[in-house]
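The values are calculated or read from the model by the stated rules, or taken from the named source; none is laboratory data. On a predicted model such as this, the values are computed, not experimentally measured, just so you know. Positions of Cβ are generated from backbone atoms using ideal geometry, with glycine treated the same way; all protein chains shown enter the neighbour counts. Note: accessible area is taken over every heavy atom of the protein model, side chains too, but ligands, DNA and RNA are not part of it. Shrake-Rupley method; radii C 1.70, N 1.55, O 1.52, S 1.80 Å.
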Amino acid sequence: MTPDAPDPDMTAAELALGLLDGEERAAALRRVLADPAFAREVEEWRQRLAGLFDDYPEVAAPESVAARLAQLDARPAAPSRPGLRWPIAGVVTAIAAMLALFLVVRPIPQAVTPPAAHRMMAASLVMSDRSGAMPAIVDMTTGEMRVGEAAVAPAGKSAQLWMIGGDGVPKPMGVLASAGPSRMTLAAGQRAALKAGITLAVSIEPLGGSPTGLPTGPVVASGKLSIA
Amino acid sequence: MRQTTDPAAARARLTEALVRTGAEDRAALQDVYRLTSAKLFGICLRICGERSAAEDVLHDVYLTIWKRAGAYEPGRASPISWLATIARNKAIDWVRARGARPAHPIEEAAMVADASPDQREIAERDEESRRLHDCLDALDERSRDAIRTAFFDGVTYAELAERKNMPLGTMKSIVRRGLLQLKGCVDDA
């Protein structure tokens, strides 16, 4: 090892391993959405390291978990049981949400912390037909929002993003790019309305977005926002 | 997956159960649970460090699997890696959301970062896993130990540096150089 040589850039591996936190992690997450080559690199690292899962020792799981699962509701969107002792939304699943292979749905956070205290919020917008999901991430400090690529709108239509808060009224957030990831900057008012547990949804609208200010077409994807 | 000594058959059976789970077959979720819960609980317990939390996380992991199994693509990743990744991420989420972890991992989750695998475990490794382990063995001890600890315990650079009593910059250097060497070794093999 040459002491003076700069460290190699191993950000993709560091993100896959979960070594990063704070601003470094936030920056790496933004890069996953903005840079498909980087996203692939992270995915390659996940696969490269997967052999290490062999080394976790098996431990017999408690019967109680099997019993709780046996009571599972048949609906795919079965909510978490209220007894589940989850703290507020964590961080690493948000990384997974950036990666097509490991898209996962977050539990609904039990406690809501003011969004100003957190830099990033994220949601995994699951397709209504369960064919996949698109990640969405908001930098609460700058209002910058990114939504992963999802070619959901047919030719001549637009996919529009909405937020649905406690009042149940969808509010328009922006029209998604017809190809590639979408970037938008949220106004301060929009940002203030974002908090853990609100729903983000994508509907199919006339080209350029709904003319009425409310969704007019089918909702093709939705998911809950959580603190990332 | 102790039900068989043939890893290929075990993988095929798990893939099939996972695909059926994706089609909202509740019995298939029970099959996935039976085939994988010991491994996934081992992961949750190791990272969470306490049994009651690991149980809650495990339950949440299988709820997530139920919701997301439809997105599993059999050709892209081994089923157990896909499931184990969900478990590891959920457990890390729990630990980081709580803001601290127990000072000492509980005894039940042995210190696998240092443990030598037994012959059965080695025999069940597939070719990619064997290559990864060979390449890890080729690293210098500090890099190998840091990378294995980061993976098994799901810790950040800051935690890693604290545990190993090293300056943060030194720890980053050791890990980054190790990862670079690991990549070269795994990809060239």
Selection from segment B:124-157 of residues that are crowded, with 18+ Cβ neighbours inside 10 Å, more than 7 Å from chain A (Cβ to nearest Cβ) and outside any helix (DSSP H, G or I): B:L139, B:V155
Within segment B:49-58, considering residues that are part of a helix (DSSP H, G or I) and in contact with a Lys or Arg (Cβ under 9 Å, 6 or more places away or on another chain), the one surrounded by the fewest Cβ atoms within 10 Å (Cβ to Cβ): B:S52
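Any chance segment B:38-50 includes a residue that's more than 8 Å from every other protein chain (Cβ to nearest Cβ) and free of Cβ contacts under 8 Å to residues at least 24 places away in the same chain?
The answer is no, given that none of the residues of segment B:38-50 is more than 8 Å from every other protein chain (Cβ to nearest Cβ) and free of Cβ contacts under 8 Å to residues at least 24 places away in the same chain.
So which of B:R46, B:R68 is closer than 23 Å to A:W45 by Cα, part of a helix (DSSP H, G or I) and either touching a strand residue (DSSP E or B) at 6+ places or on another chain (Cβ under 9 Å) or in the same structural domain as B:E128 (by TED's automatic domain parsing) (or both)?
B:R68
If I ask for residues that are of a type in the set (D, E) and in a loop (DSSP other than H, G, I, E, B), which ones from segment A:140-174 would you list?
The answer is A:E149, A:D167.
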Criterion: under 18 Å from A:K224 (Cβ atoms) and in contact (Cβ under 8 Å) with a residue 12 or more places away in the chain - qualifying residue of A:M173, A:M184: A:M173
Within segment A:189-227, considering residues that are under 17 Å from the mean Cα position of the chain (by Cα) and of a type outside the set (A, V, I, L, M, F, W, C), the one surrounded by the most Cβ atoms within 10 Å (Cβ to Cβ): A:S226
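Evaluate the following for B:V61: is it open to solvent by 40 Å² or more (accessible area, probe 1.4 Å), closer than 22 Å to A:S124 by Cα and either part of a helix (DSSP H, G or I) or of a type in the set (K, R) (or both)?
Details: open to solvent by 40 Å² or more (accessible area, probe 1.4 Å): no; closer than 22 Å to A:S124 by Cα: yes; either part of a helix (DSSP H, G or I) or of a type in the set (K, R) (or both): yes.
It is false that B:V61 is open to solvent by 40 Å² or more (accessible area, probe 1.4 Å), closer than 22 Å to A:S124 by Cα and either part of a helix (DSSP H, G or I) or of a type in the set (K, R) (or both).
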Selection count where residues are open to solvent by 10 Å² or more (accessible area, probe 1.4 Å) and closer than 18 Å to B:T85 by Cα, scope segment B:22-34: 3
Any hit, segment B:5-13, residues being facing another protein chain (nearest Cβ under 9 Å) and either under 19 Å from A:A50 (Cα atoms) or open to solvent by 30 Å² or more (accessible area, probe 1.4 Å) (or both): no
Test result for B:T170, polar (S, T, N, Q) and touching a Leu at 6+ places or on another chain (Cβ under 8 Å): no
